[in-house]
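The values are calculated or read from the model by the stated rules, or taken from the named source; none is laboratory data. A quick note: this is a predicted structure, and the numbers were derived from the prediction, not measured. All Cβ positions, even for glycine, are placed from backbone atoms using ideal geometry, and neighbour counts span all protein chains on display. Heads up: the accessible areas ignore ligands, DNA and RNA and are worked out on the full protein's heavy atoms, side chains in. Shrake-Rupley method; radii C 1.70, N 1.55, O 1.52, S 1.80 Å.
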Amino acid sequence: MAIDYKQTLNDQQYEAVVTTEGPVLVLAGAGSGKTRVLTYKVAYLVQELGVFPGSIMAVTFTNKTAGEMKERVEQLLSDSTEHSGRHLGGIWLGTFHSLCGRILRAQIERMGYKSNFTIYDEKDSLSVVKHVYKELDIDPKMYSQKAVLYNISKLKNNLIFPEEFSRSTLSPFEKVISEIYDRYQQTLRNNNAVDFDDMIMFVVRLLRKYEEVRKEYAGMFSYILVDEFQDTNTAQYEFLKHLASEWQNLTVVGDDDQSIYSWRGANLGNILNFPKDFPKAKTIRLEQNYRSTQTILDAASAVVANNMERHPKKLWCDSDRGDRIVICQLHDDRQEGDIIAQNIEKQMNGRYKGGEIAVLFRTNAQSRLIEEALRRKNIQYTVVGGIKFYERAEIKDVLSYLTMIVNPDDNLALKRIINVPSRGIGNVSLGRLENGAIAEGKSIFEYAKCDALENLKPNTRKSVKEFVQLIDDLMEYAEKKDVAEVIDMALDGSGYLKMLEDSKDIKAESRLDNIGELVAGIYDFVKNNPKKGSVEDYLQEVSLITDIDTWEQREDMVNLMTAHSAKGLEFSIVYIAGMEEGLFPILRADDEDHDIEEERRLFYVALTRAKKQVYITWASLRHRFAEEYENIASSFIKEIPEDLTKVEKAKRPDYSGSSYSFAFGQKLPIKPNSVVYHPNFGKGTVKEISGFGENMVITVAFYSVGLKKIMLKYANLEIIQY
């Protein structure tokens, strides 16, 4: 039986699905069924128009969304008698990075790389930056490594290559970044590796430079669909425009009111200017919400309406008005944690499970007191965004063995595992190997295969040869076996499992559990990909997994996370903690209107995660840097119409007899000419101090980025010299 699109979708969703020709902008408000539209549109193209799946590209922002979307489309088609045998094997459905990765595997040799390149995650990239600092003799106290990596990422997102940036540098900090950026890219190339930003930037360069490449891929995709379009950056948008240049059938779905990632490179202008970039574009608004009560929607709409940079829209729903939003004024941040825990305890004793409840906050640091309060009540919880599974040391170790099989030129992977487990190859010996490799213009592995390693002691030379033989054996084994069989051999042959089994470290057991989880995942991968089960196939997929892809909502655990992490999720009850001016919105001395508008959009996202009830908490006193600060309620609270809220003011708590105490001490010892260190901007000298208490603002001349005004209470400064 064919799908009845008209009956299944609302009028606006139906219009978005059947409008297939030409550019289409679908403005999909929170909870309005945007994924449903994309899913049904793919099914419609295949079922009703007979489009070959291989000529459709559907782009999402997470692997999880891509997997769910493909599953839903195949289910829709299998439910249709006419198309019961139809599958989506040929469709290009995935994240920007996974799709660009496919193109790069086929085309990157044009750029002087080998097709078996490694993809470096953020931690790997930081390791490369640290290596470059050593090579260039740069003091990390002078120029923060994370700040430099952030700036390099920003340049790549804006399609600025090292050679272009070097021609436009002005400040001393830019000159340092230019030198590091250039050497960073050289190091990646030497390791036959790319970072996440390279994957898109390189594809855009290929599409710009080689007309035959552009024509091949633009001609291949007659229909392109994009999810979460408001989160695209400059490089991603140019990639889409190149691919849509032949057929112009580009459907983008997004919500400008949920654009909250400018700090990650997202360009709000992409969705705001889409009608200008594509004058023939049709704009369709999805305003019917299927998630929240009308009270929550009215509150969220009233708040975000204060933004100037947006497409106007008004959310509505068919459900009840629902309960008013509860605004809790509390004495201090400890009471905030206690009240939240007390309320959650009552709700869990009633009709709700822990997994239906979320506590959102603006910064990760706010979770501590909330966690302590939940623990005192014996309420189970999970903090989203802790140590990511694939960033754990033991997981990166094991994956490095697999990486060496695919890309033996990857010096970073080799240096990680050549002496893990211990083989008597210390840092001095490794340094000699690396220097020898550089002198001969080889990778460390290639150099280590030489017969003559006179710069090493006989025992060390023997250990190096045994390591080389292990990798060679694994490479040979991997030619005939799938990744599940290879991982078993790698863990056994390397001695890695035995090292953990024999270890007296109390953490060894949990590390073994983590490796067990990894191996189980590898077996699942082979089972689900019988035709693509090689080591290279697995690494290609796992290198692009994000923390949200691995997070599973558990029904028994309350969810704690930042408002950023909550985007795309939904819960019956949502607490938004720390709604104080200066904290949410975070205020900085150099904030501009568009920064405040992004903070407001973030609050809109937090509100619209809730299905039934929202609690907003703020504390008159909050503690930071061993000091107590007075607060006022966030200006965003005042933007919610009073008839939608219920205000509760808690009594001052009595902490007498409690083990809880604040560490009141001296005021932060800072004055003009103090030398300070900031985690992002590095070292600097205090030039001016204004205001007092929570409103104290200091002007610092940072050696890396020049003058910056920052609020002292959020600066997280280290005093180097008073």
Grab the DSSP H runs of the chain that are 4 residues or longer, score each as -39,500 (n - 2.57), total them, divide by all residues and round the 222 nm result to the nearest 500 deg cm²/dmol.
-13500 deg cm²/dmol
Neighbour-limited loop hits for GluC sites (Glu not before Pro), the stretch 426-508 (at most 15 other Cβ within 10 Å; DSSP other than H, G, I, E, B):
Glu454, Glu479
The set of residues whose placed amide H lies less than 5 Å from the amide H of Lys611, leaving out same-chain residues fewer than 5 positions away, is Phe571, Ser572, Ile573
Two pseudo-spin positions, 7 Å from Cα along C-beta at Ala365 and at Lys504, lie apart in nanometres by 4.0 nm
With a point put 7 Å past each Cα toward its Cβ, work out how far Arg392 is from Asn10 in nm, to one decimal.
4.3 nm
Could you tell me what percent of the DSSP beta bridges with both partners in the chain are antiparallel, to the nearest 5?
30 percent
Calculated from backbone phi, Karplus (6.51, -1.76, 1.60) coupling profile of the stretch 355-372 in Hz, x at Gly/Pro:
x, 8, 10, 10, 10, 10, 8, 7, 10, 4, 4, 6, 6, 4, 5, 5, 4, 4
Tabulate in residue order the Karplus-calculated ³J(HN,Hα) for the stretch 271-287, using 6.51 cos²θ - 1.76 cosθ + 1.60 with θ = phi - 60°, rounded to whole Hz; enter x for Gly and Pro.
7, 5, 9, 3, x, 6, 5, 10, x, 8, 5, 9, 9, 10, 9, 9, 10
Leaving out ligands and nucleic acids, and using a 1.4 Å probe, what accessible area per residue does the chain come to in Å²?
45 Å²
Within the chain, what whole-number % of the accessible surface is contributed by carbon and sulfur, with the 1.4 Å probe and all protein chains included in the calculation?
48 percent
Taking R0 as 51 Å, what FRET efficiency do you get between Ala305 and Arg189 from their Cβ-Cβ distance, rounded to the nearest 0.05?
0.55
Rounded to the nearest 10 Å², the accessible area of Thr62 at probe 1.4 Å:
30 Å²
How much solvent-accessible surface does Arg392 expose, in Å² to the nearest 10, with a 1.4 Å probe and all protein chains in place?
80 Å²
For the stretch 211-219, take each phi angle, set θ = phi - 60°, evaluate the Karplus expression 6.51 cos²θ - 1.76 cosθ + 1.60, and give the result in whole Hz per residue in order, putting x for glycine and proline.
4, 5, 6, 4, 5, 4, 7, 5, x
Using a 1.4 angstrom probe with every protein chain in place, what is the largest-first accessible-area order of Leu27, Leu512?
Leu512, Leu27
Residues meeting the amide H criterion for Gly582 (H placed from the backbone, H to H distance under 5 Å, 5 or more places apart or on another chain) are Leu587
Taking semi-axes √(5λ) of the Cα gyration tensor in Å as the quantity of interest, determine which of (i) 66, 39, 22; (ii) 41, 36, 27; (iii) 47, 31, 26 was computed from the displayed structure.
(ii)
Full-extension gain between Val326 and Lys276, please, as 0.36 nm times their residue separation minus the C-alpha to C-alpha distance.
13.9 nm
Taking amide H positions as placed 1.01 Å from N in the peptide plane, with prolines and chain starts having none, which residues 5 or more places from Asp332, or on another chain, fall under 5 Å of its amide H?
Ser620, Leu621
